[in-house]
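What follows is a single structure, written as structure tokens, with notes after it.
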Amino acid sequence: MKGVRAKMPRRPALKKPSPPGPKDPVGVYCRVRPLGRPDQECCIEVINESTVQIHPPDGYRIFRNGEYREMQYSFKEVFGTLVAQKELFDVVAKPLVEDLIRGKNGLLFTYGVTGSGKTHTMTGSPGDGGLLPRCLAMIFNSIGPFQAKRFVFKLDDKNGVDVQCEVDALLERQKRDAMPVPKTPSGKRQIDPEFADMINVQDHCKVEEVDEDNVYSVFVSYIEIYNNYIYDLLEETPFDLIKPKPPQSKILREDQNHNMYVTGCTEVEVKSTEEAFEVFWKGQKKRRIANTQLNRESSRSHGVFIIKLAQAPLDADGDNVLQEKEQITLSQLSLVDLAGSERTNRTKAEGNRLREAGNINQSLMTLRTCIEVLRENQMYGTNKMVPYRDSKLTHLFKNYFDGEGKVRMIVCVNPKAEDYEESLQVMRFAEMTQEVEVARPVDRPLCGLTPGRRFRNQAFREELAQKLEIRGGPISGETEEQSASEILLQNFPPLPSCELLDINDDQTLPKLTGVLEERHKLRQKLSEEFAKNVLTFKTILRELDSSVMSKENHFQGKLSEKEKVITGQKTELERLEKKIKTLEYKIEILEKTATIYEEDKRHLQQELESKSQKLQRQASDKRRLEARLQGMVAETTMKWEKECERRVAAKQLEMQNKLWVKDEKLKQLKAIVTEPKNEKPERPSRERDREKPIPRSVSPTPVPVPNSQRLVSNQQVHRRSNSCSSISVASCVMEWEQKTPSHKHTGGNSKTRTRQQEPGQSRDCNTSDRRRGMCWTGITEVPKSRDELEIEEDQCCRGDVFKTRGGGQAVQFTEIETLKQESPTGRKRRSSPSNADPPEDAADSEWTDVETRCSVAVEMRAGSALGPGYQHHAMPKRRKP
Ligand code: ADP
Ligand code: MG
């Protein structure tokens, strides 16, 4: 005997959310039972084949201030009040039975309030069998001729199944039959009239494609979950009249494949629908029926009827079960009749009952919670823990939701108004349940043996029997042989009476002798015939022998041929396997490469994205900057335009002033030339008047201004002491000095003198108190080299230095001498394009006479660190026409 662990609802490895592969939603069907009385108010209507509408009853509406809301609920299919059990079975349960026979698991449960028709749907009512007897009938209709002998399959106590050969099974049968109790129910037993009409299913429904090369065995168990305890309803307990023992509860365990099972639960092997239903009925009788006010028949417990189907293939001869543990499949179909889903207070249960009802609802609450969490996990990808362990009911069916299988639920509703609120709850739960998905069970692998073995074996046996019959009939049993010899003896002539009545009787003995001789002859004939027959038989036997031999030879030849083919195929198989391995390896490498590339691609895409974002940012920055720059350019342009205009105006003013100064100087010089020496040159009255009221104050040391811009801005400082409309002589001198950072002066003795104005440094030409001074001034342009020199001028100014009233000093030029040397290349240089002298410089360069030189004077302010300042007294030069 070989112990075999069978396949059970497959469960994924721990911590895995759910097995991969296709999934199917839980199939939820709705059945509306007919009203108990026709005058009852109805609150549920079947809208179409998949929708029901539920509306509040009249009283409810009044109670809720006229609020009227019709709700519609959709299910996979809705069965109205007129739908027959068979129709429901065909749609809901038939696919589950088909799956069971194909080695897949299923779970079917009825859900609803008490009195809604759960038991009617699952078990049925007298004369109207429900889903359970119909499932059993379909199973046995399908596997009937292919059932294994009893005890060929044996379920162990760890949720596994063992297989043993038929001889061992026979021995075990004999052993069990010898035992007084318990006995396996016999298939030939009389059907209990209590349920006879419930299993009298006439439609002979069966699965079309049953694997006929398999042998099958059905095992049933029936448990009850009551107050969150599990009881075995098939357990044989010795009945103690004096001290009856309460039933022992069972515990749940997990098997090797992580499937849940009830330990020590009775599992009965059944061979027919009747036998199976009888077992169920026995358990049903044991069920606790709580007598609530709602429904006297209603059960306060969950009833779970489990049908296990063990199947294994026949061996290659199609004769015996293959003794290979890997080839056994154990599938199961659980049919669950749940307790009423109504709330505790509605049942008006008291004391013990209340606790029962509470627990019933607790386990249904857990079922609801589990479904909710499962749905949430599946819909939103969360990984919340499903509280299967919170109740025995959910713990037992954990594998269906976590693993694989087909789960179907029939929601039973009673359309009566009193059930309105409870029915609403039921509908909501049912609708939510539809959103939960369960992994689709996979097809079991094929055993690899040639299909049609069973029928070939049967055909062979039949043929053999026929042939034996033709050639003298089968070797009959003892009784048949006896009767043949009797018939033979009857054919002998009967013996006459051997009684000698008289001493002279000479007739009896000769008669007997004659009969005996006749018998002897007959016997000889018979023995001759027998010898002939033996001879014929021997010949036949020899013929048979030779034909068998020839057939054997033929088969041997065929066998060797087949073996050769098999060897060839094996080699081919090996080659292909190697190829597969190589390809798999290649695929693996390619997959890895693809992963790497994908990773790279992802990285690059990310990089691209970030760069394009950066680019976009930069572009937008650039645009902003451009806009800003344009704004700034426009602003600056405007500013500079204004500035230029302002400068042009200032310059014009300055030029006018210069012109005036020159004119003045000219006038003064004229006056100097014409008038006696002591007379001071007079400034234009306007200018003088303007200066007069302004007392000279201590001014800050003039600082050299680096560029023309500063010069312009400095004009404002000089306006303090000069005319507000013209620039001062000092500013002109400063400007001139800045434009000519170093000057070469050639004195009368041809000595070069340099005048440089530095802050804090007094000028060379200052003298103490009142004295006459000489000051050398250069012309406007100083040539860069000796070769370029065209006109070389030296001026020698003589004048008096006075102390001014303000504490400063003033110089009064009395004489200006101009020494001039002209170079032949002079004109050329002036016209040179490289000469970028400003126009005023050009104008200045035209000053060639003595008058012109006097227009350049130096002003030193009182208190200045530079020492005595130069005061301009010359008249402005008039421009030459
Ligand atoms: P539950 O098991 O939900 O408490 P039952 O199946 O015991 O309810 O049904 C209560 C009563 O209603 C039973 O007498 C049953 O015969 C009847 N009943 C339920 N459903 C139907 C139906 N679809 N057609 C006819 N009678 C029904
Ligand atoms: Mg019931």
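Using the average count of surrounding beta-carbon atoms within 10 Å as a protection proxy, the listed peptides 615-622, 505-512, 447-454 rank, highest first, as 447-454, 505-512, 615-622. Rounded if a/c is under 1.5, else prolate if a/b is larger than b/c, else oblate: which is the stretch 100-139, with a ≥ b ≥ c the root eigenvalues of its Cα gyration tensor? It is oblate, given that a/c is not under 1.5 and a/b is not larger than b/c. Given +1 at the Cβ of Lys and Arg, -1 at the Cβ of Asp and Glu and no other charges, the dipole of the stretch 142-181 around its Cα centre is 120 debye to the nearest 20.
Remark: for residue pairs K581/K601; K325/K392; K86/K118; K158/K282; K285/K325, the C-alpha separation exceeds 27 Å in K581/K601; K325/K392; K285/K325.
If amide hydrogens are placed 1.01 Å from N in the peptide plane, which non-local residues have theirs closer than 5 Å to the one on I230? The answer is K250.
In the stretch 387-446, Rg over Rh equals 1.11, where Rg is the alpha-carbon radius of gyration and Rh the Kirkwood radius from pairwise Cα distances. A simple packing score, the average count of other Cβ atoms within 10 Å per residue, orders the peptides 90-97, 369-376 as 90-97, 369-376, with the highest score first. The charge dipole of the stretch 66-150, taken about the Cα centre with unit charges on the Cβ atoms of Lys, Arg (+1) and Asp, Glu (-1), comes to about 520 debye, rounded to the nearest 20.
Label zone of K578 (point 7 Å out along Cα→Cβ, amide N under 17 Å): in the stretch 526-567 this covers 567. Ordering 584-597, 656-669 by mean Cβ neighbour count within 10 Å, with the highest value first, yields 656-669, 584-597. Ratio of Rg to Rh for the stretch 597-668: 1.68 [Cα atoms; Kirkwood radius as inverse mean 1/r over pairs]. Taking amide H atoms as placed 1.01 Å from N in the peptide plane, the amide H of V28 lies under 5 Å from those of K76, M409, each 5 or more residues away in sequence or on another chain. Residues whose amide H comes within less than 5 Å of that of V163, counting only those at least five positions distant or on another chain, are K2, V4, K154 (H built at 1.01 Å from N in the peptide plane). Toward the positive end of the charge dipole of the stretch 486-571, with +1 on the Cβ of Lys and Arg and -1 on the Cβ of Asp and Glu, the farthest Cα among I566, F555, L526 is that of I566.
Rule-based calculations on the coordinates, nothing more; no lab input. These numbers come from a predicted model, not from an experiment. Backbone-built Cβ (ideal geometry, glycine too); neighbour counts: all protein chains shown.
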